[in-house]
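The block underneath contains the structure these notes are about, expressed in structure tokens.
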Amino acid sequence: AANITCIRLLNDSGVGNATTIIQMLETIANLVQAEKAENPDFQPHLIINMSMVVTPYDEQLQCLGLDGELLAAVRDGLQVAVQALASLDVIVVTAAGNDSDPRMGGMKCMEMMDGMRLGPRYPAAFADTIPQIIPVGAIDGTGQAAPYSDYPGANGIATYGGGLLKRDTTDSQPGHTVAQTPVDGLRGIYTATHYP
């Protein structure tokens, strides 16, 4: 019986702009506030799903020298927008992030330590101070924390996201790999052999 509204904020490659995201959250807060002003008994029962993260994780920003005023402005703007929604009893469900992938340690500016699991990225990290935020991490098919998933925090939850992709090394074609079966991963609207 839910009404679902999809608002596209990201491009085909899943990339967006923090300003656009903040403005959309402010627009939603303004619409809910206007409805409450018109009808004081209005209960929004609104859940916003943000299956995305907005800024890189803190350790990466620090070692790239990007943890100054620009970062503070983006995070402050995001926090103000999310807090405005929370004050209207709007729930925000958001991704914890997928930065804990042990295969990507060399691609980051700091090496991942064995077994290190990063904390939630923003806006999920605001859950420590805004209880209306629900951070979501991932588990694999065995019910264990997925190796790539960031820790959603004490106020977060985890749901099935699948495990790390394993390659079939028995394929005889040079330079060609196929996913080993069975695949521990989601299949859904967007499933393809290559990322766009």
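Considered as a group, the residues in region 22-52 that are within 18 Å of Ile91 (Cβ to Cβ) and assigned to a loop (DSSP other than H, G, I, E, B) include one that is farthest from the chain's Cα centre (by Cα), and that residue is Phe42. Number of residues in region 9-21 that are on the phi < 0 side of the Ramachandran plot and either of a type in the set (A, V, I, L, M) or within 15 Å of the chain's Cα centre (by Cα) (or both): the value is 8. Annotation note: of Val183, Val92, the sole residue that is modelled with pLDDT of 95 or more and either assigned to a loop (DSSP other than H, G, I, E, B) or within 30 Å of Asn30 (Cβ to Cβ) (or both) is Val92.
Note on region 8-54: residues that are charged (D, E, K, R) and either in contact (Cβ under 8 Å) with a residue 24 or more places away in the chain or open to solvent by less than 50 Å² (accessible area, probe 1.4 Å) (or both) total 3. Figure legend. Inter-residue proximity from region 152-171: first residues outside any strand (DSSP E or B), second residues at pLDDT 90 or above and of a type in the set (D, E, K, R), beta-carbon distance below 6 Å, spacing 6+ or different chains. Indicated pairs: Gly163/Asp140.
Matching residues to (1) open to solvent by less than 60 Å² (accessible area, probe 1.4 Å); (2) assigned to a helix (DSSP H, G or I); (3) at pLDDT below 85:
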| position | (1), (2), (3) |
| --- | --- |
| Leu61 | yes, yes, yes |
| Ala72 | yes, yes, yes |
| Ala86 | yes, yes, no |
| Tyr122 | yes, no, no |
| Gly137 | yes, no, no |
| Asp150 | yes, no, no |
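The values are calculated or read from the model by the stated rules, or taken from the named source; none is laboratory data. All of these numbers come straight from a predicted model, not from anything done at the bench. Glycine also receives a Cβ, built like all others from the backbone with ideal geometry; neighbour counts cover every protein chain displayed. In case anyone asks, the SASA skips ligands and DNA or RNA and just uses the protein heavy atoms, side chains included. Shrake-Rupley method; radii C 1.70, N 1.55, O 1.52, S 1.80 Å.
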